[in-house]
1. Exactly one condition in (1) touching a helix residue (DSSP H, G or I) at 6+ places or on another chain (Cβ under 9 Å); (2) open to solvent by less than 40 Å² (accessible area, probe 1.4 Å) is false for T96; which is it?
2. It is to be established whether one or more residues within the range 5-21 are open to solvent by 20 Å² or more (accessible area, probe 1.4 Å), in contact with an Asp or Glu (Cβ under 6 Å, 6 or more places away or on another chain) and modelled with pLDDT of 95 or more.
3. For the range 104-124, how many residues meet the condition of being outside any loop (DSSP other than H, G, I, E, B) and more than 14 Å from G22 (Cβ to Cβ)?
4. Which one of the conditions (1) in contact with an Asp or Glu (Cβ under 9 Å, 6 or more places away or on another chain); (2) closer than 18 Å to S130 by Cα; (3) open to solvent by 80 Å² or more (accessible area, probe 1.4 Å) does M1 fail to meet, given that it meets all the rest?
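The values are calculated or read from the model by the stated rules, or taken from the named source; none is laboratory data. The model shown is predicted, which means the values in this text are computed figures rather than measured ones. Cβ atoms come from the backbone with ideal geometry, glycine included; neighbour counts cover every protein chain shown. To get the accessible areas, we keep the full protein, side chains included, count just its heavy atoms, and leave off ligands, DNA and RNA. Shrake-Rupley method; radii C 1.70, N 1.55, O 1.52, S 1.80 Å.
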Amino acid sequence: MPKPPLIFTYYIAAPVEKVWDGFVSKEANRTIFMGAEFEVDLRPGGAMSWSGPGKDGKPTRYVTGEVLRAEPPKLFEYKFGMGDGAVMSRVKVELTPETEAVKVVVTNDEWAEDDPTYAQNADGWPRILSRLKTLLETGKTFRPH
């Protein structure tokens, strides 16, 4: 049985360009993901990754992805998986400017039946989006746990 999509809606009181940068900039990702280095090529088929020190202190790749579509500042779609990305799901980030905020809808779907990270992502997305919202609205964020 297919896993249902994970869908999260947040409102961030910041200009849409700043919210877009929150998803794609090295600086925002480094802050949100506790120092992880973020690399992305925003062209379709472009690589993306988050990496940093592993438990043994040696460099490791935390997440591997591939850009599907990037339409700044309104749509960012990609596939990603933990580690080397052997098992991936799809993420679609839709940004819609409103009067004083940006509506952010994140849909994480196309889950493989054997993907062990479904529950981790169901718990992780609200934390990530809350950290991003706090960062963009206040200039700082909080530790994830």
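1. (2)
2. Checked the range 5-21: at least one residue is open to solvent by 20 Å² or more (accessible area, probe 1.4 Å), in contact with an Asp or Glu (Cβ under 6 Å, 6 or more places away or on another chain) and modelled with pLDDT of 95 or more.
3. Taking the range 104-124 and keeping what is outside any loop (DSSP other than H, G, I, E, B), we get 104-109, 118-124.
Those left that are additionally more than 14 Å from G22 (Cβ to Cβ): 105, 107-109, 118-124.
Here the count works out to 11.
4. (2)
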